[in-house]
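Participant: Got a structure for you, questions after.
Each reported figure results from applying straightforward, stated rules to the coordinates on display, with no laboratory input. Note that the coordinates shown come from a computational prediction; the quantities given were computed from them, not determined experimentally. Heads up, the Cβs are rebuilt from the backbone with ideal geometry, glycines too, and the neighbour counts pull from every protein chain shown.
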Amino acid sequence: MMARILAIANQKGGVGKTTTSVNLAASLAGAGKRVLLIDLDPQGNATMGSGIDKRNLENSVYQVLLGLTTAQAVRQKSESGGYDLVPANRELAGAEVEMVGLDNRETRLKSALVSVAAEYDFILLDCPPALNLLTLNGLVAAEAVMIPMQCEYYALEGLSDLVETIRKVRKHLNPQLEIEGLLRTMYDPRNSLAQQVSAQLQQHFGDKLYETIIPRNVRLAEAPSYGAPAVSLDNACKGSQAYVALAVELLSRSVSVAAAV
Ligand code: ATP
Ligand code: MG
């Protein structure tokens, strides 16, 4: 069995991509799955949030994308998360520019993952908040996209650009690419606008919307300062429980898809 490769993407900043990446990775690991998380963001938040210091990396995903080393050589174990991580730091910002002149600039990550895919059940790609070459590499390498979003007024507007990009990638670079699902994050059930947007999403996207909703929860926001996913620090808090439920939902969907084929 090869790994399921999921890109966690939304070009809108601060919607919970990284929080979802690290907590879903830890939840899947907790369910006994072998997980590799790739930090594709020069901010290096998934790296720090996994307990790996981005400031003293010998190598990172940057060298992997440039073909200077392999994912196997660069990956590190996140002790706090129970998964493996290919880290990133600000050096990755240069990859944008340097990759433009290289061959196969959109398929570099995909090629780099071929040799590690058999070692994992899931490979999660934490994408940066932009529809740039790094995100494009994520969308080309992935079989599906998970889209975290906040239920606010402008959320739907940004979504159409992302859906259009996914459509283009499918047409030209990765015909298999699917939307795995839309994830409502930082949800506050007392906010009536959030309720309305959530209902609209339900109408537009139907069963592409995960049933699991991630609530606004301070433990999720605090966890990165301890270099650990909230799921590992405090699995009883509402936020952790939601991510564990998301992993269960993802796994049960995978099973029903497999049974349907
Ligand atoms: P960027 O686009 O910059 O990469 P992102 O989409 O990865 O951001 P996160 O970094 O996961 O978003 O989250 C943005 C901020 O909101 C962070 O400070 C994070 O700790 C906080 N946050 C994320 N999810 C929740 C939540 N469910 N409840 C409370 N705070 C949250
Ligand atoms: Mg992020």
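Participant: Could you identify which residue out of 49, 67, 138 has the top mean-square fluctuation in a GNM of the chain using Cα springs shorter than 10 Å?
Facilitator: Residue with maximal mean-square fluctuation among 49, 67, 138: 67.
Participant: Would you calculate, for the chain, the mean residue ellipticity at 222 nm contributed by helices, counting each DSSP H stretch of 4 or more residues as -39,500 (n - 2.57) and dividing by all residues, to the nearest 500?
Facilitator: -13000 deg cm²/dmol
Participant: Connecting C-alpha atoms closer than 10 Å in a GNM of the chain, tell me which of 46, 199, 95 has the biggest fluctuation.
Facilitator: Among 46, 199, 95, the largest mean-square fluctuation in the Gaussian network model of the chain belongs to 199.
Participant: Determine, for 121, 41, 53, the number of other Cβ atoms within 10 Å of each Cβ, and report the residues in order from fewest to most.
Facilitator: 53, 121, 41
Participant: On to the next question. Taking amide H atoms as placed 1.01 Å from N in the peptide plane, list the residues 5 or more away in sequence, or in a different chain, whose amide H sits under 5 Å from that of residue 178.
Facilitator: Long-range HN contacts for residue 178: 144, 145.
Participant: Can you give the relative contact order of the chain as a percent, counting alpha carbon pairs under 8 Å and 6+ residues apart? Don't skip to the end; give the middle numbers.
Facilitator: Numbers: 516 pairs, mean separation 67.8, N = 261.
Here the relative contact order equals 26 percent.
Participant: Mind listing the long-range amide H neighbours of residue 131? Cut-off is under 5 Å, sequence gap 5 or more, other chains count too, H placed in the peptide plane at 1.01 Å from N.
Facilitator: Those lying under 5 Å, H to H, from residue 131: there are none.
Participant: Okay, next question. Helix by helix through the chain, keep the DSSP H runs that span 20 Å or more along the axis on Cα and average at least -0.5 on Kyte-Doolittle, and give those back in order.
Facilitator: Helices passing the filter in the chain: 155-172, 238-260.
Participant: Here's another thing I want to ask about it. In a Gaussian network model over the chain where Cα atoms closer than 10 Å are linked, find which of 47, 165, 19 has the largest mean-square fluctuation.
Facilitator: 165
Participant: Charges only on Cβ, +1 for Lys and Arg, -1 for Asp and Glu: so what's the dipole of the range 15-77 about the Cα centre, in debye to the nearest 20? Walk me through the intermediate numbers first.
Facilitator: Numbers: 7 positive and 4 negative charges, 41 e Å.
In total the dipole reaches around 200 debye.
Participant: Now a separate question. With no solvent and one point per C-alpha, what does the Debye sum give as log10 I(q)/I(0) for the range 146-261 at q = 0.16, 0.21 Å⁻¹?
Facilitator: The Cα Debye sum returns log10 ratios of -0.89, -1.22.
Participant: Using the basic label-point model (7 angstrom from Cα toward the beta carbon), what is the residue 152 to residue 100 distance in nanometres?
Facilitator: The two pseudo-label positions are separated by 3.1 nm.
Participant: With labels modelled as points extended 7 Å from the Cα through the Cβ direction, what inter-label distance (nm, one decimal) is found for residue 221 paired with residue 236?
Facilitator: That separation, rounded to one decimal, is 2.3 nm.
Participant: What distance in nm lies between label points placed 7 Å from Cα along the C-beta direction at residue 34 and residue 211?
Facilitator: Those two pseudo-labels are separated by 3.1 nm.
Participant: Right, something else. Can you list the equivalent-ellipsoid semi-axes of the chain, largest first and in whole Å, using the square root of 5 times each Cα gyration tensor eigenvalue?
Facilitator: After scaling each eigenvalue by five and taking roots: 26, 21, 18 Å.
Participant: Taking 30 Å as R0, compute the FRET efficiency from the Cβ-Cβ separation of residue 90 and residue 111 and round it to 0.05.
Facilitator: With a Förster radius of 30 Å, E is 0.80.
Participant: Compute the length gained on full extension between residue 176 and residue 55: take 0.36 nm times their separation in residues and subtract their Cα-Cα distance, giving the result in nm to one decimal.
Facilitator: On the way: separation 121, 0.36 × 121 = 43.56 nm, distance 3.63 nm.
So the chain would gain 39.9 nm between residue 176 and residue 55.
Participant: Further question: Which order do 159, 134 fall in if you start with the one that has the fewest other Cβ atoms within 10 Å? Working shown, then result.
Facilitator: Numbers: 159 19, 134 24.
Ranking 159, 134 by Cβ neighbours within 10 Å, fewest first, gives 159, 134.
Participant: Rounding to the nearest 20 debye, state how big the charge dipole of the chain is about its Cα centre with +1 on each Lys and Arg Cβ and -1 on each Asp and Glu Cβ.
Facilitator: That gives the chain a dipole magnitude of about 240 debye.
Participant: Find how much the distance from residue 143 to residue 168 grows on full extension, using 0.36 nm per residue of separation minus their present alpha carbon separation; answer in nm with one decimal.
Facilitator: Full-extension gain reported as 7.5 nm.
Participant: Can you list residues whose amide H is under 5 Å from residue 31's amide H, if they're 5+ apart or on another chain and H is modeled 1.01 Å from N?
Facilitator: HN-HN under 5 Å from residue 31: empty list.
Participant: Which ordering of 226, 187, 62 is given by a fewest-first count of other beta-carbon atoms within 10 Å?
Facilitator: 226, 187, 62
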